[in-house]
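Engineer: Please see the structure below; I have some questions.
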Amino acid sequence: MTKQERLLIGKKISAIIKKYKSEWQELKEQISDYGYQPLYPAQDLFRSPIKYLVQNLNECDTKALISEWKSKEERIQFESDERYLQQYELYIMEEIVARAKKATYWM
């Protein structure tokens with residue numbers, strides 16, 4: 001995620017983590033127990049909250065995120081705004097896992 005993306009949705013990601021404390025703990029435990037994995041079972045617990053976050057962004061934040069994505073030439077470009085938002089769901093999941101790894105290994 002870019003600095004601009006973190007400014008736009010970083011606090012919203014933090015709010016998800018705080019609201020879903022037991023799921024967050026489960027994810028950290030899986031990271032600790034299994035080490036690097038391409039997918040942790042606990043990630044499924046965050047899919048709905050992430051989808052809700054993205055679907056409920058205000059229009060200004062949505063446009064800013066899509067514009068930020070389009071400004072990065074190295075990123076895949078999509079045909080519709082919906083596809084950009086779906087991609088942000090994946091990016092948010094990656095950010096949650098990255099934060100969990102950091103919290104796990106720096107505790």
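The values are calculated or read from the model by the stated rules, or taken from the named source; none is laboratory data. It should be emphasised that the depicted structure is a prediction, and the values quoted were computed from it without experimental measurement. Cβ coordinates were reconstructed from backbone atoms using ideal geometry, including for glycine residues, and neighbour counts include every protein chain displayed.
Engineer: Identify all residues within the stretch 1-39 that are modelled with pLDDT under 95 and hydrophobic (A, V, I, L, M, F, W, C); write none if there are none.
Structural biologist: MET1, the sole residue that qualifies.
Engineer: Take the residues in the stretch 57-93 that are touching a residue at least 24 places away in the same chain (Cβ under 8 Å) and of a type in the set (D, E, K, R), then tell me which one is surrounded by the fewest Cβ atoms within 10 Å (Cβ to Cβ).
Structural biologist: Residue satisfying both the conditions and the ranking: LYS72.
Engineer: If you scan the stretch 40-76, which residues turn out to be aromatic (Phe, Trp, Tyr), under 21 Å from TYR20 (Cβ atoms) and either assigned to a helix (DSSP H, G or I) or at pLDDT below 95 (or both)?
Structural biologist: PHE46, TYR52
Engineer: Determine which single condition ALA98 fails, assuming it passes every other condition in (1) without any contact (Cβ under 8 Å) to a residue 24 or more places away in the chain; (2) more than 16 Å from GLY10 (Cβ to Cβ); (3) within 11 Å of the chain's Cα centre (by Cα).
Structural biologist: (2)
Engineer: From the list LEU53, LEU39, exactly one residue is under 25 Å from ALA100 (Cβ atoms) and in contact (Cβ under 8 Å) with a residue 12 or more places away in the chain. Which is it?
Structural biologist: Result of the check over LEU53, LEU39: LEU53.
Engineer: Right, GLU79: among the acidic types (Asp, Glu), under 22 Å from LYS3 (Cβ atoms) and either part of a loop (DSSP other than H, G, I, E, B) or out of contact with any strand residue (DSSP E or B) (no Cβ under 8 Å at 6 or more places or on another chain) (or both) or not?
Structural biologist: no
Engineer: In addition: Just name the residue that is surrounded by the most Cβ atoms within 10 Å (Cβ to Cβ) out of those in the stretch 19-52 that are more than 14 Å from GLU94 (Cα to Cα) and among the small types (Gly, Ala, Ser).
Structural biologist: Only one residue tops the list, namely SER32.
Engineer: Residue check: is GLN30 over 13 Å from the mean Cα position of the chain (by Cα), more than 13 Å from ILE96 (Cα to Cα) and assigned to a loop (DSSP other than H, G, I, E, B)?
Structural biologist: no
Engineer: Evaluate the following for TYR52: is it over 23 Å from TYR84 (Cβ atoms), out of contact with any His (no Cβ under 9 Å at 6 or more places or on another chain) and hydroxyl-bearing (Ser, Thr, Tyr)?
Structural biologist: no
Engineer: Condition check: farther than 16 Å from LEU8 by Cα, out of contact with any Pro (no Cβ under 6 Å at 6 or more places or on another chain), surrounded by 14 or more Cβ atoms within 10 Å (Cβ to Cβ) and not aromatic (Phe, Trp, Tyr). Does ALA103 satisfy that?
Structural biologist: Considered against the rule, which asks whether it is farther than 16 Å from LEU8 by Cα, out of contact with any Pro (no Cβ under 6 Å at 6 or more places or on another chain), surrounded by 14 or more Cβ atoms within 10 Å (Cβ to Cβ) and not aromatic (Phe, Trp, Tyr), ALA103 comes out as yes.
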